1. Could you check A:T350 against (1) within 23 Å of A:Q59 (Cβ to Cβ); (2) in a helix (DSSP H, G or I); (3) under 16 Å from the mean Cα position of the chain (by Cα) and say which number it fails?
2. Quick check on my filter: what residues within segment A:288-311 are of a type in the set (V, I, T), closer than 22 Å to A:K215 by Cα and either assigned by TED's automatic domain parsing to the domain that holds A:V79 or out of contact with any Asp or Glu (no Cβ under 8 Å at 6 or more places or on another chain) (or both)?
3. Here's a check for you: in segment B:91-116, which residue that is more than 24 Å from B:K47 (Cα to Cα) and in contact with a Leu (Cβ under 8 Å, 6 or more places away or on another chain) is nearest to the other protein chains (Cβ to nearest Cβ)?
4. I'd like the full set of residues that are crowded, with 16+ Cβ neighbours inside 10 Å and touching a residue at least 40 places away in the same chain (Cβ under 8 Å), limited to segment A:252-271.
5. Can you find a residue in segment A:226-246 that is among the small types (G, A, S), under 25 Å from A:I306 (Cβ atoms) and free of Cβ contacts under 8 Å to residues at least 40 places away in the same chain?
6. So which of B:F54, B:F88 ends up being under 16 Å from the mean Cα position of the chain (by Cα) and more than 14 Å from chain A (Cβ to nearest Cβ)?
7. Here are the criteria: (1) at pLDDT below 95; (2) farther than 27 Å from A:M355 by Cα; (3) of a type outside the set (K, R). Tell me which single one A:E313 does not satisfy.
8. Could you tell me whether any residue of segment A:331-342 is in contact with a Lys or Arg (Cβ under 7 Å, 6 or more places away or on another chain), more than 14 Å from chain B (Cβ to nearest Cβ) and surrounded by fewer than 22 Cβ atoms within 10 Å (Cβ to Cβ)?
Amino acid sequence: MRSNSTDQWYDLSLKIHRSYGGKIEMIPKVPIKSLQDFSILYTPGVAQPSRVISRDPDQSFILTSRWNMIAVVTDGTRVLGLGDIGPEASYPVMEGKALLFKYLGGVDAIPLPIRARDPDTFIDIVKSIEPAFGGINLEDIESPKCFYILERLRESLEIPIWHDDQQGTATAILAGLINALKLVGKKLNEVLIAFIGAGASNIATANLVIKAGAKPGNIIMVDSKGILYHEREDIDSLMFSNRWKYDLAIKTNSEQRKGGIPEALKGADVVIAASRPGPGIIKKEWIRAMNDDPIVFALANPVPEIWPWEAKEAGARIIATGRSDFPNQINNSLVFPSVFRGVLSVRAKTISDEMALEAAYSLARFAENKGLREDYIVPRMDELDTYIQVAVDVAMKAIDTGVARVKKSRKDLYDEVVRLIRSAKSKLDALMNMGLIQ
Amino acid sequence: MDGDLVIRRASRDDLNSIADLVLRLKRLNEEFDPLYTIRADAPEVIKGYIESSFDNDKIIMLVAEYSGRVIGFLRAEIRSRLFYEPPFEGLITDLYVLPAYRRMKVGGALIDKLIELLKKQGIYLVSAEFPPMNKIAVEFYENMGFKPLLYRFFKKVE
């Protein structure tokens, strides 16, 4: 189902992309007053920073743009809800992501769709581009390949690597869940959580929610074949085809519940659905069969698994979706700009699970400080201060856990983050005011 | 793993539990190659296979029991090696542990018990057969100190 307004977005977007020829460009950040400056910015002068870096490659984080530069890398195998549309077709999405990185996080991001379907080839390519970047954001790679790629690259790279569809989404969901539970007065380590869908985001979310304190046995996961349990007939083949789903099948669902979505929801306190576009994937009567004060995250795009008003009518207390036109938008755009702002500012070697947890707690705190309501469990995307707070908290966590190469005080970090995030916006504003961007 | 794990010889009372484990094992092989496609009558055939194994003194069948439930199974055949030393081997034809009880050294315990029984019969060689695509089995046996010693190639002829 496509609403009229969505169609309008599609048309307008195509027009904008055509008339601007994409959305980002690169411009120098040093003053250039005469051609003589090139002797400093380029050869012969540039040989000196090169010499310094050749003696100590870490100097590349100080003498070049690398410290603030990341790549947004994809193989184009699972782009939005469009599926396997190839690297070229993924470019608008990667470019849009790069734009958000700059505008919301002050991070320079290069869109990098690559023709590499084979996971090991993909891994080799990313490893080989490490010298150019301070971090890597993986995007729109199909599951379960994405788990393997992230795992291997996390082991082998000395710069932070993040798969936004897994970790970004998981972090945003956890933030929302923490606050939703506060509102209904329940505890994470006591609730029964049903996950509908076992793709990249729900597998990552289940793992993060467990790290945050949920009991694995109290999690019920449903994939296209029904509820996962450790003696399901296809379990041994899962061990080979999707080790990550297999691991969850073993440790979740301690009661060995069987069936489909309705059975999974029975008595559940929370449902987190990231399956396929609705409506009608989750039915009202199934929400009615949940425990008191149901929390319903229906995150499929463009149409949630159940319309928010239907969930409400069925007794849902708190409802979140992935859409900006409904309250409680669970969106990884709340997470990735600040996480990368934080890790780049302290030159972190990795983004650990503790740092992802900290990002979730920080996001949750931000909304809580503003005042939680049933229709306000996570910050809205236009609350720009949230990016500053989360970036600083993530960076401090990197310092505290020993993965930061550079240590800074909270105050210095805060000033730097504010300056970098604001400067991206002020530069754009200035160019727009001068008519250079219109 | 606590003291609840018992490794013992299989008895006829275990038949149904064992048949379920063996069926799971054969189904897994189905993933690897069309030549491992399970026959429709496999469940009955498996029962017959296990039952007849009880009557054969060249076959050793062990179960792993956890809190009274059979959660793992091993079947081995004693075979003579006509041309080589040592002259006998205990060939593991089936080894399966339920997913929830993996990574607890149940498979290792079954093999240790098998080796103990083989030694009592003067047999000092143990082997195992499984599809080469089963990388998890390859890793498992390598970790147990096994090495590949035999290729078996297949070709379907029309």
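The values are calculated or read from the model by the stated rules, or taken from the named source; none is laboratory data. This is a predicted model, so every value here is computed, not measured. Every residue, glycine among them, receives a Cβ derived from its backbone with ideal geometry; neighbour counts consider all protein chains shown.
1. Of everything listed in (1) within 23 Å of A:Q59 (Cβ to Cβ); (2) in a helix (DSSP H, G or I); (3) under 16 Å from the mean Cα position of the chain (by Cα), A:T350 misses just condition (2).
2. Narrowing segment A:288-311 to residues of a type in the set (V, I, T): A:295-296, A:303, A:306.
Next, from what is left, pick out any that are closer than 22 Å to A:K215 by Cα: A:295-296.
Passing the criteria: only A:V296.
3. Only one residue tops the list, namely B:M104.
4. A:T252, A:I261, A:A264, A:L265, A:A268, A:D269, A:V270, A:V271, listed by residue number.
5. So far as segment A:226-246 goes, yes, one or more of its residues are among the small types (G, A, S), under 25 Å from A:I306 (Cβ atoms) and free of Cβ contacts under 8 Å to residues at least 40 places away in the same chain.
6. B:F54
7. (1)
8. Looking through segment A:331-342, none of the residues is in contact with a Lys or Arg (Cβ under 7 Å, 6 or more places away or on another chain), more than 14 Å from chain B (Cβ to nearest Cβ) and surrounded by fewer than 22 Cβ atoms within 10 Å (Cβ to Cβ).
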